[in-house]
Amino acid sequence: MPQRSAAEGTDPSFKPTDNTVDAFFYGRIGFGFSRFGQTAAGAYMNLGDRRAIGGRLEEGDYLEPGLRYHMLKGGANDTQVDLIMDFELFSADGSVLSDLSNDFKTLSFVPEQIYLQAHNVLQIKDLDIWIGGRLYRKNDIHIADYFYFNNLPAEGVGVMYKGLDAAVLIQTGSSPFYTADLGQGGPVPTDVNPLAKRLRTIFVAEYQQPLGLRTSYVQGLGEFHVVGKSRNETVEAPAGVNPTDIGWVVGAKLHLDFGNDMFNDTALRYGTGIANGAASGRSTYDTYGVAGPDGKYTGAYGIEFVDHFLINFEKDLSLNGYTTLNYNRGSSNALDGATNALNGSTENKRVDFAVGVRPVVYFTDQLRLLTEATFQGRKDDDQKMGTALKLSVAPTIAPTAKRGDFWARPEIRLIYTFGYYNHAAVDQLMSPFLKTVGPTQYAHFIGTRAEWWFY
C-alpha cells in the first residue's frame, strides 16, 4: 500500500528536487443528507466513542494542507534537511466548511505537525534525526481511518537508521490524569498555584527485518511510559492523587508483499499500566479505565489485534479488507464506582471488534463502483454487547486513474449508507450518530464527497 502523504505520518522522500517548497494535501469534502437533517451528516455510525472502528464514508468535511520546505537540498548521498508542517481544518459542529453556512466560532484550524528532519547526517548514509511535533505513526487501515500498532502522535526527538526507528516523545493533556488540584489535601498559601501539570515521557523503539520477499518484513515494537508525581516546591499532592506511574508495550507486525500491490499486514500489541490504551483504536498513551485507590494503574492492560489486506483480480476487481479486535481494562485494584480520571466515566473494561471489506469493481479507467460492508461490536463492562451492520454503495469517478488502480485519488463519490443497530447499541447510544439523532435501529446517509491526497 502506498504511503499517502507526510500529513499522514510518512517520512520526507528526500529525493533530489529543484523546488524549495513542496506542497502536500489530504482532504475530503462534500455534503450529505439524512431524514434527521444536516446535523446528522458527518456523524459516525460506528460504535467507537471517539473514532471509527468501522467504515468511514459518512465522515464530514476535513482538510489537511501542508508544506515541506527543503532547507538543504542535495543528492542521494548528501546531507539534506527538511522542515515539514501541516494543519487541519474542520468544523466542530458538523457543518460544511463554507463561510456562508458556518459560524467561524465552530471552525478549528490547528497545527497538526511541525518538525525538522535531517537526512544522511554526520556523513552517515541513511542516518536521520528529527525533532518537533510529529504524527509519529506509519500503519493505517485507510478505509476505516484506523491507525494502529505504533500510533503515537506527539512532540519529541528521534533517530532512524535503516531498519531502526527510536524516539523519545512527550505527551500531556488537560484531564485530571495530567493536571491535579493540590489544594484538596489541605490549605495552600495564597501565593501558590495549587494546580500542578505533569508530562508523560515515552521511550519507543522499532526495528524492521526484511524477509527477502519483495518488501516483506517482520517488525518489533517496544515502548516504556512514565509520568511523575504531581507536586510543586511548596505543595505535594495528597495520597492517591497523580502518583508516579509507569507502563510498557510490546508488539510485533508481519508484512507480506505478494506483488501487484497486494499485501497482508498482521499486527499484535500488548500494553500495561498507564500504556494500556487500546479501546476503539486508542493510542497506548490514551490510558484507559479507572485507577486503583493509590491512583496507579496496577494490573491495567490493553490488547490490539489487526489484520489488513488487499487483493487485486487483474484490472477488474479489488478487495480491501480488515479485522480489528481490542480488549481494554483499567486497574485490577479499582473500586466499584470509582471514576476514570481521563473522561469522568466509571467504565473499566471494554471489548470491541470490526470486520470490513471494500470491493471495488472497475468499469473503465475513470468509472468504478465502490461498495463496502462492515460488522462491528462493542461491550462496555457488564453491559450487553452492541452491534452495528453498515452497507454502502458508492458509484465513483476517479478522473486521474488507470483501471485497476485502487489507491488512485482524487475520487468523486455518490454515497448511500444503510446502518442497522441491535437493541443494546440503541439503548446505550453507542455511536455519535445515535447520540445526535436519538434511539433508532435504522440509519441512512446519502451524500456526495470527494477525497484526495498528494505529496
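For the range 249-269, what are the residues that are surrounded by fewer than 18 Cβ atoms within 10 Å (Cβ to Cβ) and farther than 30 Å from residue 404 by Cβ? So that I can check it myself, show each step before the final result.
So the first thing to find is which residues in the range 249-269 are surrounded by fewer than 18 Cβ atoms within 10 Å (Cβ to Cβ), and the list is 250, 252, 254, 256-262, 264, 266, 268.
The answer is 250, 252, 268.
Inside the range 159-177, can you point out the residues that are over 30 Å from residue 121 (Cα atoms) and surrounded by fewer than 14 Cβ atoms within 10 Å (Cβ to Cβ)?
174, 175
Please enumerate the residues belonging to the range 270-284 that are outside any helix (DSSP H, G or I), surrounded by 20 or more Cβ atoms within 10 Å (Cβ to Cβ) and among the β-branched types (Val, Ile, Thr).
Once the filter is applied, which keeps residues that are outside any helix (DSSP H, G or I), surrounded by 20 or more Cβ atoms within 10 Å (Cβ to Cβ) and among the β-branched types (Val, Ile, Thr), the range 270-284 yields only 284.
So, residue 20, is that one more than 20 Å from residue 451 (Cβ to Cβ), modelled with pLDDT of 70 or more and among the β-branched types (Val, Ile, Thr) or not? Explain how you work it out, then say what you get.
Working: more than 20 Å from residue 451 (Cβ to Cβ): yes; modelled with pLDDT of 70 or more: yes; among the β-branched types (Val, Ile, Thr): yes.
It is true that residue 20 is more than 20 Å from residue 451 (Cβ to Cβ), modelled with pLDDT of 70 or more and among the β-branched types (Val, Ile, Thr).
Taking the range 193-229, which residues are within 30 Å of residue 294 (Cα to Cα) and in a loop (DSSP other than H, G, I, E, B)?
193, 194, 198, 199, 228, 229
Name the pairs: first residue in the range 368-395 and closer than 15 Å to residue 324 by Cα, second residue in a loop (DSSP other than H, G, I, E, B) and at pLDDT 95 or above, Cβ to Cβ under 6 Å, at least 6 apart or on different chains?
Going by the 6 Å Cβ cut-off, the qualifying pairs are 377/385; 379/385; 387/422.
Can you pull out every residue in the range 102-148 that is in a loop (DSSP other than H, G, I, E, B), buried (at least 16 other Cβ atoms within 10 Å of the Cβ) and not hydroxyl-bearing (Ser, Thr, Tyr)? Steps first, answer last, please.
Kept after step one, since they are in a loop (DSSP other than H, G, I, E, B), are these residues of the range 102-148: 102-103, 120, 124-126, 135-139, 145, 148.
Imposing the further condition that a residue be buried (at least 16 other Cβ atoms within 10 Å of the Cβ) reduces the set to 102, 120, 135-139, 145, 148.
Selection gives 102, 120, 135, 137, 138, 139, 145.
Could you list, in sequence order, the residues of the range 413-448 that are under 18 Å from residue 379 (Cβ atoms), in contact with a strand residue (DSSP E or B) (Cβ under 6 Å, 6 or more places away or on another chain) and either part of a helix (DSSP H, G or I) or among the hydrophobic types (A, V, I, L, M, F, W, C) (or both)?
424, 425, 430
Exactly one of these conditions fails for residue 222: (1) surrounded by fewer than 16 Cβ atoms within 10 Å (Cβ to Cβ); (2) modelled with pLDDT under 95. Give me its number.
Failed condition: (2).
Restricting the first residue to the range 60-81 and requiring it to be in a loop (DSSP other than H, G, I, E, B), which pairs with a second residue that is small (Gly, Ala, Ser) meet a Cβ separation below 6 Å and a spacing of at least six or different chains?
If the second residue must be small (Gly, Ala, Ser), the pairs left are 60/42; 60/94.
Residue under question is residue 55, and the condition is that it be buried (at least 16 other Cβ atoms within 10 Å of the Cβ) and either β-branched (Val, Ile, Thr) or modelled with pLDDT under 90 (or both); does it hold?
On the way: buried (at least 16 other Cβ atoms within 10 Å of the Cβ): yes; either β-branched (Val, Ile, Thr) or modelled with pLDDT under 90 (or both): yes.
Here the answer is yes, as residue 55 does meet what is asked.
Quick one: is residue 292 assigned to a strand (DSSP E or B) and not hydroxyl-bearing (Ser, Thr, Tyr)? If you could, list the steps in order and put the result at the bottom.
Values: assigned to a strand (DSSP E or B): no; not hydroxyl-bearing (Ser, Thr, Tyr): yes.
So residue 292 fails the test.
The values are calculated or read from the model by the stated rules, or taken from the named source; none is laboratory data. As the structure is a computational prediction, the values presented were derived from the model and not from experiment. Cβ: placed from backbone, ideal geometry, glycine included. Neighbour counts: every protein chain shown.
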